[in-house]
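Working notes, beginning with the structure itself.
The values are calculated or read from the model by the stated rules, or taken from the named source; none is laboratory data. What you see is a predicted model, and the numbers here were worked out from it, not measured in a lab. Cβ atoms come from the backbone with ideal geometry, glycine included; neighbour counts cover every protein chain shown.
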Amino acid sequence: MYIVIVGAGPTGRQIVELATADQHEVVVVESNEERAGALSAEFDCLVLHGDAASRPLLEEAGVPEADALIATTDDDATNLMVMMLGREMEVTQLLSSISDPSHGPLFENLGVHRVENLRRLSGRQFYRTIQRPQVRDFMELGNSAEIVEIMLEAGSPLTGTTLQEAGQKGLLPNDVIVVAINRGEELHVPRGDTTLQVGDIVTILASKGVTDALMATFGSQT
């Protein structure tokens, strides 16, 4: 995966650490020269120093070829401009932090895939989001347990099956509990005879965490 990260503060730095450890190709754009130099010395990635909202600099960073563009600066205006340029350059995954929640709709109207409050979201959670974009939201409960919202995609073996059938067929392991199902504007309380449909947002409790196998069951690629 080719990832461009704008902003090398604590959150951006953690994303760089995780992504480079997984051998992804990472390019960082940072306006603070000292911070850019420190990051370049510590990690095996390209770090560009300059105006994060500069089209030429983002092009130099390879944004048009990127699989994901992440903005983690503490300035919403800068992040918004980065997302606007990313959209023009047709980046598949656009992810940004926000400092003022009231600015959220501005980002959402641009088609930003996830808009999160920087104060509550860790770099690890940002990284998980670009790894698994079909996971709409998640919460770590300690140890390896997670609560996640996953969209059921076309081609999933769960499509058209009831929850009882899914359990009997081994499609949903015993350590996974379906907590809720959002279908359009309706919230469904899951029962054994509840049939799953494409597009359902399924909230699950996974006591051993969300595995690649579980993601594949929902039709999600990792």
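Does Arg87 satisfy the condition of being assigned to a helix (DSSP H, G or I), modelled with pLDDT under 70 and either surrounded by fewer than 16 Cβ atoms within 10 Å (Cβ to Cβ) or in contact with a Gly (Cβ under 7 Å, 6 or more places away or on another chain) (or both)? It is false that Arg87 is assigned to a helix (DSSP H, G or I), modelled with pLDDT under 70 and either surrounded by fewer than 16 Cβ atoms within 10 Å (Cβ to Cβ) or in contact with a Gly (Cβ under 7 Å, 6 or more places away or on another chain) (or both). The listed residues are Leu69, Leu48, Leu58, and the only one of them that is of a type in the set (A, V, I, L, M), part of a helix (DSSP H, G or I) and either under 20 Å from Ile130 (Cβ atoms) or within 19 Å of the chain's Cα centre (by Cα) (or both) turns out to be Leu58. Criterion applied to Ala36, Ala52, Ala61, Ala68 was being touching a strand residue (DSSP E or B) at 6+ places or on another chain (Cβ under 6 Å), buried (at least 18 other Cβ atoms within 10 Å of the Cβ), assigned by TED's automatic domain parsing to the domain that holds Gly123 and touching a residue at least 60 places away in the same chain (Cβ under 8 Å), and the one residue passing it is Ala68. Any idea which residue in segment 145-160 is modelled with the lowest pLDDT, counting only those that are closer than 19 Å to Gly199 by Cα and surrounded by 19 or more Cβ atoms within 10 Å (Cβ to Cβ)? Only one residue fits best here, namely Val148. Candidates are the residues of segment 1-24 that are of a type outside the set (Asp, Glu) and free of Cβ contacts under 8 Å to residues at least 24 places away in the same chain; the one that is surrounded by the most Cβ atoms within 10 Å (Cβ to Cβ) is His24. Scanning segment 188-212 for residues that are modelled with pLDDT of 85 or more and either outside the structural domain of Gln164 (by TED's automatic domain parsing) or not in a strand (DSSP E or B) (or both) yields Val189, Pro190, Arg191, Gly192, Asp193, Thr194, Leu196, Gln197, Val198, Gly199, Asp200, Ser207. Going through (1) without any contact (Cβ under 8 Å) to a residue 60 or more places away in the chain; (2) part of a helix (DSSP H, G or I); (3) under 17 Å from Leu94 (Cβ atoms); (4) of a type in the set (Val, Ile, Thr) one by one, Val27 falls short only on (2). Scanning segment 111-120 for residues that are surrounded by fewer than 16 Cβ atoms within 10 Å (Cβ to Cβ) and either at pLDDT 80 or above or in contact with a Lys or Arg (Cβ under 9 Å, 6 or more places away or on another chain) (or both) yields a single hit, Gly111.
Checked against the criterion of being under 14 Å from Gly160 (Cα atoms), touching a residue at least 40 places away in the same chain (Cβ under 8 Å), among the polar types (S, T, N, Q) and surrounded by 13 or more Cβ atoms within 10 Å (Cβ to Cβ), the candidates Thr217, Thr195 yield just one match: Thr217.
Scanning segment 49-66 for residues that are more than 20 Å from Ala36 (Cα to Cα) and modelled with pLDDT under 95 returns no hits. All conditions in (1) surrounded by 16 or more Cβ atoms within 10 Å (Cβ to Cβ); (2) modelled with pLDDT under 90; (3) among the charged types (D, E, K, R) hold for Glu165, with the sole exception of (2).
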